[in-house]
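Notes for the one structure printed next.
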Amino acid sequence: MTEFFEFFIRILPDLMKGAGVTLLLTAEGLTAGFILGLSASLARTYANKFWRGLAVGYIEIFRGTPLLMQLFLIYYGLPGLGITFSRGLCAFLALSLNSGAYQAEYLRGSLLAIGDDQMMAGRSIGMSRVKTIWYVILPQALRLAIPAWSNEPVSLLKSTAVVFLIAVPELMAKAKSIAAQTYDPIGTYIAVALVYLAMVYLLDAVLRWMERASRIPGFEMEGKKA
Amino acid sequence: MSNPILETRNLTKIYGQNIIFKDINLKVNEGETIVIIGPSGTGKSTLLRCINLLTANEGGQVFLDGQEITAKNYNEDKVRQQIGMVFQNFLLFNHLTALDNVMIGLLKVKKMSKEQARQKAMEELKRVGLEDRASHYPGQLSGGQQQRVAIARALAMDPRVMLFDEPTSALDPELIGEVLGVMAQLARDHMTMLVVTHEMGFAREVADRIVFMEKGSIVEEGTPDELFYHPKNERTREFLWKITELYGKKEKEQSATA
Amino acid sequence: MFSTFFSYIIQGTAITIAVTLVALPFGLMLGLAMALIHTYGGNILNRIAAAFSLLLRGVPPIVLLFILYFMLSSKSFNLSPFWAGSFSLGIVSSAYQMEILRGALLAVGNGQMTAARAVGMSRVQAVQHIILPQALRLAIPPWSNEVSIVLKDSSLVYALGVPEILRRAQQLSATTQQPFLAYGTAALIYFVLVFATNRALDYLSERTKLPTHS
C-alpha cells in the first residue's frame, strides 16, 4: 500500500500536467458544445423546415455514433478530402460536436416545457418572437435544464480520455507514457483513475453549488407542473 | 355614434375540419365593457386570440381605430402594444419578480429608461393593489395576486383595448373577488374591455353589453337588462337560467321581485 | 477489392456486435446483483455497493478498460483481448445498470413488498415474483439508453487491438487510401446499428407494457 502511495506521489506532477490539459479540453468542449447545442435546439423548436432538418440531422448523427469514431473520422478521414486539422483542433471539434448534440437534447426538453404558453405571454405585450425567446423563454428554459444538464460536464470530462489515441497530451496520454516507462500499467492506470475521480468529485461539487445559486423561489415547482 | 375603436368583420376561424367560428361581426366602442358568454368550447377564447393576432384567421378582418390590423404587412408586435391580454393561466414570467414582469415590456418593447419604467411599473402595481409584493416571484404569490400582476403587466403598455380570457376560471373561489374588483374599477375608469367569462354577476353589474356566443356564431347581444330579463332567443334564455341556477337561487329570487 | 472491403466491414461489425452481446448480459447480471444488494442488503453491503457504483461511474470507461484488461489478461487469467475487453465493458456497464435497476426497484415501492409479505411470501419470493417483474418492465426505457451506450462504447476495445469496426476501418483506410470512405462507412454502420437497436427496444417496451385503464 505504501509503495503505491510513494509511486503515486512520484508520478503526480506529471499526471497533473495531463490533468490540466484534460480540464482545458473539457471547458472548451463544454462551451463550444453549449453554443452548438443551444443553436441546434432553438433551430429544432423555432426555425423553418430546412434549419430544423439540419439540426435534427446533426443531433441524430452525433448522438447515434461513438465519440471515438467521430474523432477518427475528423482526424483520419477528413484529410482524405483534403481537410487537415491539428490534433488539438480535431479533439476540440470532436468533443464539441459530440457534447453539443447531447446538450441539445437536454435543452429541447425544457424548451418544450416552457415553450408555448410563455411565448404567448411575451407576444401579448408586443414582444417579437426573437425578443420573447431571448428575454422570456431562454432564461427559464436554461434554469429548468440545469439538473439534467449537470450530467454533461462530468460526462464530457470522462469522454476526453479517448483523445489520447490521436496523441493529444492529456491525462491518459501521460498515463500511457508513464506506464511504458515504469513497466507498471496497473499501478499507473489506477493512479490515473484516482485523479479522474478527484476531478469528477470537484466538478460535481461546483455544479451543485451552481444549481443552488441559480434557484428561483417557487420556480422548480412551476417547472415540474408543466 | 363615433366609429368603434375595435371592430371585426366576418371573422372566421377554421382548424382542420372544424369551423371554430364563422362570420363574426363585432363592434366595440371606446370605453365600453363587453362581456362574451357562452358554453365552453365555442371559440370565445380563440376569438380573443384572433383579435390580438396571436392566432391567424381563415377569413375576415379586424380593425383597430379604423386601421385594418389583419392587413398583410401590418406589424403584429405593434398591434399587441395597443391591445392588452390577460390569460386564464396568468402566464407570468416565472423567472422575474412581479415588478420586473410589469417592467420588462416597458424596457424592451417601449425602450423606456430604467427609472421611467420602474416608476410606471410601480404605478400599475399600485393600481392593482400589489405594490408591496413588487419583489416577489410568481411562485411566491397566490393565484389572485398573480392574475392581478398579469393585469398590471398588460396595463403598463397603455393599451387602447384590454382583452380578458376567462381571467378567473383558474382561481380558487375566494380569490375571484379581488380580480373582479380590479376589473370593475378598470371599467369604471373607462377602459375599453372585452371579457370572456362565466362570472354572471360581473356580467350583470359591469358590462355595457353582453354577447352570447354558441356553436361558432353570435346568438344574441344586448344590454345586461335585455339579455337577462328579456332575452329574445330561446337558447339565450336556457343558457342564462342554467348558469344562474349554478350561482344560487338568490339571483332568481331577486329578478322575480324586479 | 470491393469484396475485401465488404468482408472486412462485415467482420468488424460482427465483432462489434459480439462485444456488445457479451458485455450487456454480463453487465445486467452483475448490475442486478449489485442493485439487489444495495436495496435489500444490510448497512455494510449497502455502502460497498454504493462505493462500487461511485468508483466505476466516476472514472472514464477507457481507463477502467485498461485496468481491467491488464488484470484479466495477466498470467493468472490469460484472457484474449476480445474477452478481456468485453468483460471489462460489462463491468463498467454494470455500475450504470445498477443505478437504473435501483431506480426501478425504488419506483416499484415498499407497498408491494409489504403486500407480498402479508400473503406469507418470504423476502426472496417477494423480490422474485412480485418486485422484479414490475421493476424490470419499468427499467426498459432507461435500459434501452444503456444498450445504445454500450454499443457505442464497444468502439473503445479498439485500443486493446480487438478487430472491431474502427480497427477494420483503419486497415481499410490504409489499403484503399480512401480514409474518408473507410471511416465514413464505419460511421454509417454504427448509426444503423444504434438506430435499429433503439427501434427494436422501443418495440419491446411497447409489447411488455402493463395494460392501464385508459
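What follows is calculated from the coordinates using simple rules that are stated; it is not laboratory data. Keep in mind it's a predicted model, so treat the numbers as computed, not measured. Backbone-built Cβ (ideal geometry, glycine too); neighbour counts: all protein chains shown.
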> Which of the trypsin sites (Lys or Arg not before Pro) across the range A:122-226 are loop residues per DSSP, with 12 or fewer other Cβ within 10 Å?
Replying inline: A:215
> Along the charge dipole of the protein assembly as shown, Cβ charges K/R +1 and D/E -1, which of C:94, A:169, B:20 sits furthest on the positive end?
Replying inline: A:169
> Just how large is the dipole of chain B about the Cα centre, in debye to the nearest 20, putting +1 at every Lys and Arg Cβ and -1 at every Asp and Glu Cβ?
Replying inline: 600
> If R0 is 25 Å, what FRET efficiency do you get for residue C:200 and residue C:107 from their C-beta distance, rounded to 0.05?
Replying inline: 0.60
>> Just to be sure I follow the rule: in chain A, considering lysines 8 or more places apart or on different chains, how many pairs have Cα atoms under 21 Å apart?
In response: 5
> When DSSP assigns beta bridges and you keep just the ones with both residues in chain B, what percent turn out antiparallel, to the nearest 5?
Replying inline: 50
>> Using the Cα centre of chain B as origin and beta-carbon charges of +1 (Lys, Arg) and -1 (Asp, Glu), tell me which of B:97, B:161, B:151 is placed farthest towards the positive end of the dipole.
In response: B:97
> Mind checking the mean number of beta-carbon atoms from other chains within 10 Å of the Cβ atoms in A:185-194?
Replying inline: 5
> In nm, to one decimal, how far is the modelled label at residue A:206 from the one at residue C:114, with both set 7 Å along Cα→Cβ?
Replying inline: 4.5
> In nm, to one decimal, how far is the residue B:115 label point from the residue C:3 one, both placed 7 Å along Cα→Cβ?
Replying inline: 8.8
> Just how large is the dipole of the range A:1-109 about the Cα centre, in debye to the nearest 20, putting +1 at every Lys and Arg Cβ and -1 at every Asp and Glu Cβ?
Replying inline: 520
> Along the principal axes of its C-alpha atoms, what lengths does chain B span, in descending order and rounded to whole Å?
Replying inline: 55, 46, 39
>> Taking each residue in B:68-80, count the Cβ atoms of any other chain within 10 Å of its Cβ, then average. What number comes out?
In response: 2
> Order of C:182-189, C:139-146 by packing, highest average Cβ count within 10 Å first?
Replying inline: C:182-189, C:139-146
> Which one of C:183, C:110, C:155 is farthest out on the positive end of the charge dipole of the range C:96-189, using unit charges on Cβ (Lys, Arg +1; Asp, Glu -1) and the Cα centre as origin?
Replying inline: C:110
> Going by the alpha-carbon gyration tensor, a ≥ b ≥ c the square roots of its eigenvalues, is the range C:18-164 rounded (a/c under 1.5) or, if a/c is not under 1.5, prolate (a/b greater than b/c) versus oblate?
Replying inline: prolate
> For a label point 7 angstrom out from the Cα of residue A:17 toward its Cβ, which stretches of the range A:171-196 have the backbone nitrogen within less than 16 Å?
Replying inline: A:171-182
> If R0 is 30 Å, what FRET efficiency do you get for residue A:52 and residue A:128 from their C-beta distance, rounded to 0.05?
Replying inline: 0.90
> If you take the square roots of the eigenvalues of the alpha-carbon gyration tensor of chain A and sort them as a ≥ b ≥ c, do you get rounded (a/c under 1.5), prolate (a/b over b/c) or oblate?
Replying inline: oblate
> Simple spin-label model, 7 Å along Cα-to-Cβ: residue C:40 to residue A:85 in nm?
Replying inline: 5.0
>> For residue B:85, what residues show an amide H to amide H distance below 5 Å, using hydrogens built from the backbone and excluding near sequence neighbours?
In response: B:163
>> Counting other beta carbons within 10 Å of each residue's own, what order do C:173, B:169 fall into, fewest first?
In response: B:169, C:173
